[in-house]
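Working notes for the structure below.
Bear in mind that the values in this text are calculations on the coordinates, not laboratory data. Note that this is a predicted model, so its numbers are computed, not measured. Glycine gets a Cβ as well: all are built from the backbone with ideal geometry, and neighbour counts include every protein chain shown.
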Amino acid sequence: MSWLNGLARPDILALKPYEHATWEPIYERMHANELPWRALGDDTLAGLNRYPEPFPRVLAERLAALYGVPVERVLVGRGSDEHIDLLTRAFCRAGQDAVLICPPTFGMYSVAARIQGADLVTVPLDAGRGFALDERAVLERCDARVKLVFLCSPNNPTGNLLDEDAVLRLAEALTGRALLVVDEAYLEFAEKPSLARHIDRFPHIAVLRTLSKAHGLAGARCGTLIAHPDVIALLSKVIQPYAITQLTIEAVLRLLEPAQLAVSERRVATIIAERARLAAGLAELPGVIRVWPSAANFLLVELHEPDRMLERVRDAGILIRDVRRPGLERAVRISVGTPEQNDRVIGALR
Ligand SMILES: Cc1ncc(COP(=O)(O)O)c(C=O)c1O
């Protein structure tokens, strides 16, 4: 009996997945109803007339190496957004189970829950302690219906890292009760190790990483779920066949070579330095109430007159994000840009 019994949906645990055409590249393919010729101008390595490898092995190996984890713990998806959706669908029965989130946080966790018909349990982060995790409240609210707990660290839109000891204490307490999903989309900007190294001890921790932020590949739509092989096997039954396009496979393999990784590292360092400069520049402005500390590539900024300021920045040809909501009544989120862009934002808000 799998340790996922009682956590994941029983019907998904029992599901017989779709059988895609076998992947045996040494043979000529007359088994998948493809066209034998490439489209005119198709200069991909494999040819877009062919379905891509269903679970692209070399890509998974490259991402496993990037994140320093065994390939058996990796599922490649179309961005972390897809993994959030897959987890919610595989773990939550509509009308019965629930997802726990800690707002203010990334919006896709609640959207995925609503689409699936799962209930939403919300335990706000503690703004008084820099948007820290309220461990005790999470545990109190984590009843038998809660199958997934989503934490985001560094958190979007607040920018803070969650305390690792607090997350691990929560993991300990949630053993056998729920899957603890830690979204580390912005971890590279925090210069801290991933919680994925604790999956040996806590197989119910799942970690989300993405190429969309520090690696500058948001348009490639490529995210990595790092989890126990049983979780990977379960979600592999739910993910669309051929989810990762041939274009993405080839682009990502080409763009994750050592030379590009070295450039990404330098750019992350630049963003971290610019984050500090932008924060200091904003903090001096009379229209700014507060700039929250950030471990990500954006800043949460509270403004005296957010409507007027949003308009001013837009007039300067730049979009920043209105993140006003209960508890953040006057807040905007500014992605750290190039030094020139950051100066323009400061100038527009002055
Ligand atoms: C916390 C967080 N997780 C996930 C995502 C989505 O990542 P992806 O582009 O890999 O789908 C975002 C995007 O803004 C995010 O802020």
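Separation of the alpha carbons by more than 29 angstrom is noted, of 192/237; 16/147; 16/213, for 192/237; 16/213. Expressed to the nearest 5 percent, the antiparallel share of DSSP beta bridges inside region 159-235 is 50 percent.
Ranked by the mean number of other Cβ atoms within 10 Å per residue, highest first, peptides 80-89, 59-68 order as 80-89, 59-68.
Close amide-amide hydrogen proximity is noted between residue 289 and 302, 303, 304, each under 5 Å apart and 5 or more residues distant or on a separate chain (H modeled in the peptide plane; Pro and chain starts excluded). Extent along the principal axes, Cα only, for region 121-241: 38, 31, 25 Å, with the longest axis given first. A quarter of the convex hull surface defined by the alpha-carbon atoms of region 49-155 gives 8.8 nm² as the mean projection. The calculated P(r) of region 204-350, using every Cα pair and 5 Å bins from 0, goes 2, 8, 15, 16, 14, 12, 12, 10, 7, 3, 1 in percent.
Over the C-alpha trace of the chain, radius of gyration and Dmax come out as 21.6, 69 angstrom. Give the relative contact order (percent, whole number) for region 10-256; include only Cα pairs under 8 Å separated by 6+ residues. The value is 24 percent.
Using the alpha carbons alone, the radius of gyration of region 231-302 stands to its Kirkwood radius in an Rg to Rh ratio of 1.22.
Using r as the Cβ-Cβ distance of residue 49 and residue 262, and R0 as 30 Å, what FRET efficiency do you calculate, to the nearest 0.05? Approximately 0.30, to the nearest 0.05. For residue 179, the amide hydrogen comes within under 5 Å of the amide hydrogens of 148, 149, counting only partners 5 or more places away or on other chains and with H modelled in the peptide plane. For the chain, the Cβ-based charge dipole about the Cα centre amounts to some 340 debye (Lys, Arg positive; Asp, Glu negative; other atoms uncharged).
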